[in-house]
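**Q** Encoded as structure tokens, here's the structure I'll be asking about.
No value in this document is a laboratory result; all are computed from the given coordinates. Predicted model only: the values in this text are computed from it and were never measured. Positions of Cβ are generated from backbone atoms using ideal geometry, with glycine treated the same way; all protein chains shown enter the neighbour counts.
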2 protein chains.
Amino acid sequence: MYSIGDIANIMGINTSAIRFYDRNGLLPFVQRDKAGRRKFKPEDLNFIEVIDCLKKSGVPVKDIAQFISLCMQGDQTLQERYDYLDDEEEKLSRKIEKMQTQLEFLQYKKWYYKTAIKEGTEDIHFLPNSRMIDPQTRNEFEEKRKATADIHELTDL
Amino acid sequence: MYSIGDIANIMGINTSAIRFYDRNGLLPFVQRDKAGRRKFKPEDLNFIEVIDCLKKSGVPVKDIAQFISLCMQGDQTLQERYDYLDDEEEKLSRKIEKMQTQLEFLQYKKWYYKTAIKEGTEDIHFLPNSRMIDPQTRNEFEEKRKATADIHELTDL
DNA sequence: ATACGACTTAAACTAATGTTTAAGTCAAGA
DNA sequence: TCTTGACTTAAACATTAGTTTAAGTCGTAT
């Protein structure tokens, strides 16, 4: 059996966060000893693992509570649980894709500044007599990206 | 010149969010017409693009404001701006990697429920006389993952 | 026996990120 | 001219996700 402190260590969070999760329906399975202290069973680690994953995936506590509630209702909710996870998988996939797009933009901007530093001024990227970036600049970088095996060769100083 | 409403449309957010960003130092470059209305110059879209990217990357408003502040100081901060973006690129990379790990766990759990549904009970994954998941179960899935070209063949119903 | 550390609660507090409300200004079209 | 829609502000409100505080209860090691 694990104490709240043990679980906090396992999850790498504060005990107060665990109590917050409990208050919000994430831990209906937790038992108490006769002094009222929370006691987590070894099998509860299955729940902890899922909660930890969903938290790290950015799922709101309220939504996770719904999934846990399904789990407490036994085998009759297996399909609903599958559907829930299917949905979250889809959302997380899209999220990762969007993050990847932002990462690529950051890499472009690193190259933008790397080349500006080399010339001592950002002006090299602007259209004549303006501070608008030449629309060709991004294309130029993306061509170089395609031609370069390791992106950091292009972006790192 | 763009109005606050134009920019809100471009970013896909509410005008009140733009005003919030302005209050918090993200838009020091914005000008006003004689009625006091915000007027964004075409070149300001460069800033908007960066702000949008950093926001989508999960960077706090306060941190973005620091970067924008560097931008306002001219070419003397080119190196600092590069360093800032280098740092954010690194953070975002790690974030994406962690998300990927969570995605893989969700896929495992989908397979876990898919197989449970087939048998009509979650019990098939438990050790005898317990509700602890057989430690071999995850390994079994990961072997199948390696042997399968498209993960959804394995996880989808 | 008692002190310490880990636990309990309810309630107040914090921080981040906006949204909503109320009251007012202004330009343009009917 | 008058109305409408888009803008302005400050301030209040909302939500999420906790943390902190205050007061109290245990079990154990000295």
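**Q** Please give the direction-averaged projected area of the C-alpha convex hull for segment B:4-72, in square nanometres with one decimal.
**A** 4.4
**Q** Counting each DSSP H run of 4 or more residues in chain A as -39500 (n - 2.57), what helix-only mean residue ellipticity at 222 nm follows after dividing by all residues, to the nearest 500 deg cm²/dmol?
**A** Dividing the helical sum by the residues of chain A leaves -21000 deg cm²/dmol.
**Q** Work out the charge dipole of chain B with +1 on the Cβ of Lys and Arg and -1 on the Cβ of Asp and Glu about the Cα centre, then indicate which of B:Phe126, B:Gly58, B:Gly36 is farthest towards its positive end.
**A** B:Gly36
**Q** Next question, about the same structure. When only alpha-carbon atoms are used, what values of Rg and Dmax, in angstrom, describe segment A:96-155?
**A** 12.3, 39
**Q** Moving to a separate point now. Just order A:95-102, A:117-124, B:43-50 by mean Cβ neighbour count inside 10 Å, highest at the front, would you?
**A** Answer by packing, highest mean first, reads B:43-50, A:95-102, A:117-124.
**Q** Please list the non-local residues whose amide H lies under 5 Å from the amide H of A:Lys39, H modeled 1.01 Å from N, same-chain partners needing a gap of 5 or more.
**A** The answer is A:Gln31, A:Arg32, A:Asp33.
**Q** Okay, next question. Run down the aspartates and glutamates and flag those whose C-alpha is under 17 Å from the C-alpha of A:Lys146, throwing out any fewer than 8 positions away in its chain.
**A** A:Glu104, A:Asp156
**Q** While we're looking at this one, here's another question. How are the C-alpha pair distances of chain A spread across 5 Å bins, as whole percents from the shortest bin up?
**A** With 5 Å bins starting at 0, P(r) equals 2, 7, 13, 14, 10, 8, 7, 6, 8, 9, 8, 5, 3, 1, 0, 0.
**Q** Here's another thing I want to ask about it. Which distance in nm do the two modelled labels at A:Asp6 and A:Asp134 give, with both placed 7 Å along the Cα-to-Cβ direction?
**A** Output for this residue pair reads 6.5 nm.
**Q** Apply 1/(1 + (r/R0)^6) to the Cβ-Cβ distance of B:Lys146 and A:Ser93, taking R0 = 25 Å, and write down the FRET efficiency to the nearest 0.05.
**A** 0.80
**Q** Once the mean 1/r over all distinct Cα pairs of the protein assembly as shown is inverted, what Kirkwood radius in angstroms do you read off?
**A** Here the Kirkwood hydrodynamic radius works out to 23.2 Å.
**Q** To the nearest 20 debye, what charge dipole does the protein assembly as shown have about its Cα centre, counting +1 at the Cβ of each Lys and Arg and -1 at the Cβ of each Asp and Glu?
**A** 1380
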